[in-house]
Amino acid sequence: MWSTICLGVAGLVVMWISNWIRQWRNPKCDGVLPPGSMGFPLIGETLPLIIPSYSLDLHPFIKKRLQRYGPIFRTSIVGRPAIISADPEFNNFLFQQEGKLVELYYLDTFSKIFAHEGESRTNEFGAVHKYVRSIYLNYFGAERIKGKLLPQIEEVVNKTLREWSTQASVEIKHAASVLVLHYSAKQIISYDAEKSPVSLSEMYTKIGKGFLSFPLNIPGTAYNQCLKDQKKTIAMLRDMLKERRASPETNRGDLLDQISRDMNKEKFLSEDFIVHMIFGGFFATFESISTVLALALMLLAEHPAVLEEMIRD
């Protein structure tokens, strides 16, 4: 009797799991979903996506699916269903319809690390974009680079190259990341890497490792360490902002000074929004510019004739 009951329960469990997997792989939708695969339950297709690719070509995850399904396909990343588009016209249409037919949405990892939720999130996208673009161009635009920053950049680069020349080997991507982060942080918050008790480069290195990791907030995981370093960095930036607002007469001439003054003019410039905006700006410089520099150096090393021509010029 008990064996019959156990077999019946086991059969029901198998049927329930099979039905759940079928629903997972074929999600309901009001319209017609593009072709694709949802991968394994819960984790989706996260694992093949986060595997590093050392090729200059498209990431294998994207390339294989473009070949199999076309420019628009469905998938599941870190437990979230998603549609990936490599169609320029369709992507342009989506950007034009932002706030109308479509709304901004961020994966859990991105939302928690960059706090695109709660008080730091704003719906004034037009005003925010205009302000952020204006203030960053004011400090890092072409005119300011030519007029003031270029000699500083040249001095910093020459100093860094001298330090590299004394080392047996240099990991260009990381070294370039540190160089760019320290320089941009000096312009934005007057950060001094040699005097500061907080190492921004170490923190952002850990944050970068946890950014594309599975969002499992358990001690010992890269994501857990990422969140810890994010909180430390945010706390440091918040303390700096409070100090600037408490002593407005102390003028350091950096971007944070300007933003703290603008808080009296722009309603969306809350303390929480500002610290997360600067935090995100540091991450953008840490990852994007350093990647371009590392790629440029690699290509120059592979094409010595081009390097010689550049030296002659």
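The values are calculated or read from the model by the stated rules, or taken from the named source; none is laboratory data. Remember, predicted model here, so these are calculated numbers, not experimental data. We place every Cβ from the backbone using ideal geometry, glycine too, and count neighbours over all the protein chains shown.
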Taking VAL198, is it assigned to a helix (DSSP H, G or I), under 30 Å from GLU243 (Cα atoms) and in contact (Cβ under 8 Å) with a residue 12 or more places away in the chain? no
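Residue-wise test of (1) in the same structural domain as ARG80 (by TED's automatic domain parsing); (2) farther than 24 Å from ILE289 by Cβ; (3) in contact with a helix residue (DSSP H, G or I) (Cβ under 6 Å, 6 or more places away or on another chain).
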residue: LEU227; (1), (2), (3): no, yes, no
residue: LYS242; (1), (2), (3): no, yes, no
residue: ARG245; (1), (2), (3): no, yes, yes
residue: PRO248; (1), (2), (3): no, yes, no
residue: ARG252; (1), (2), (3): no, no, no
List every residue pair whose Cβ atoms lie under 9 Å apart, where the two residues are 6 or more positions apart in sequence or sit on different chains, the first residue falls within segment 240-269 and is touching a residue at least 12 places away in the same chain (Cβ under 8 Å) and among the small types (Gly, Ala, Ser), and the second residue, located anywhere, is surrounded by 10 or more Cβ atoms within 10 Å (Cβ to Cβ) and not in a loop (DSSP other than H, G, I, E, B). SER260/LEU241; SER260/ARG244; SER260/ARG245; SER260/ILE274
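Conditions tested, residue by residue: (1) surrounded by fewer than 12 Cβ atoms within 10 Å (Cβ to Cβ); (2) more than 18 Å from ALA284 (Cβ to Cβ); (3) modelled with pLDDT of 85 or more; (4) in contact with a Cys (Cβ under 7 Å, 6 or more places away or on another chain).
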{"residue": "GLY141", "(1), (2), (3), (4)": "no, no, no, no"}
{"residue": "PRO151", "(1), (2), (3), (4)": "yes, yes, yes, no"}
{"residue": "LYS159", "(1), (2), (3), (4)": "yes, yes, yes, no"}
{"residue": "TRP164", "(1), (2), (3), (4)": "no, yes, yes, no"}
How about segment 199-231: which of its residues are closer than 26 Å to ASP257 by Cα and surrounded by fewer than 15 Cβ atoms within 10 Å (Cβ to Cβ)? SER199, GLU202, LYS231
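Name the residue, out of LEU237, LEU307, LEU293, LEU227, that is of a type in the set (A, V, I, L, M), over 24 Å from ALA176 (Cβ atoms) and in a helix (DSSP H, G or I). Reasoning before the result, please.
On the way: LEU237 fails: over 24 Å from ALA176 (Cβ atoms); LEU307 fails: over 24 Å from ALA176 (Cβ atoms); LEU293 fails: over 24 Å from ALA176 (Cβ atoms).
Result of the check over LEU237, LEU307, LEU293, LEU227: LEU227.
Determine whether segment 215-225 contains at least one residue that is within 18 Å of ALA284 (Cα to Cα) and at pLDDT below 90.
As a first pass, look at segment 215-225 and keep what is within 18 Å of ALA284 (Cα to Cα): none.
Checked segment 215-225: no residue is within 18 Å of ALA284 (Cα to Cα) and at pLDDT below 90.
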Quick count over segment 173-230, residues being β-branched (Val, Ile, Thr) and within 17 Å of the chain's Cα centre (by Cα), is 4
Near pairs, Cβ below 6 angstrom, 6+ apart or cross-chain, from segment 270-295 (assigned by TED's automatic domain parsing to the domain that holds ILE172) to any residue that is aromatic (Phe, Trp, Tyr) and part of a helix (DSSP H, G or I): GLY280/PHE114; PHE286/TYR204
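Within segment 34-77, how many residues are among the aromatic types (Phe, Trp, Tyr) and more than 21 Å from PHE90 (Cα to Cα)? First the steps, then the outcome.
Just the residues of segment 34-77 that are among the aromatic types (Phe, Trp, Tyr), to begin with: 40, 54, 61, 69, 73.
Those still in the list that are more than 21 Å from PHE90 (Cα to Cα) too: 40, 54.
Matching residues across segment 34-77 total 2.
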Could you list, in sequence order, the residues of segment 49-65 that are out of contact with any Leu (no Cβ under 8 Å at 6 or more places or on another chain) and either assigned by TED's automatic domain parsing to the domain that holds VAL292 or exposed (fewer than 15 other Cβ atoms within 10 Å of the Cβ) (or both)? ILE51, PRO52, SER53, TYR54, SER55, ASP57, PRO60, LYS63, LYS64
Could you grab the pairs with beta carbons closer than 8 Å, sequence gap of 6+ or different chains, first residue in segment 149-175 and in the same structural domain as GLU287 (by TED's automatic domain parsing), second one of a type in the set (S, T, N, Q) and modelled with pLDDT of 85 or more? LEU149/GLN187; HIS174/THR205; ALA175/THR160
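Looking at segment 101-136, which of its residues are at pLDDT below 80 and part of a loop (DSSP other than H, G, I, E, B)? Let's see the steps before the verdict.
Step one: of segment 101-136, the residues at pLDDT below 80 are 102-130.
Matches in segment 101-136: GLU103, LEU104, TYR105, TYR106, LEU107, ALA115, HIS116, GLU117, ARG121, THR122, ASN123, GLU124.
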Odd one out for PHE90, checked against (1) outside any helix (DSSP H, G or I); (2) modelled with pLDDT of 85 or more; (3) of a type in the set (A, V, I, L, M, F, W, C); (4) out of contact with any helix residue (DSSP H, G or I) (no Cβ under 7 Å at 6 or more places or on another chain): (1)
Conditions first: (1) assigned to a loop (DSSP other than H, G, I, E, B); (2) more than 30 Å from LEU49 (Cβ to Cβ). GLY220 passes all but one, so which condition is the exception? (2)
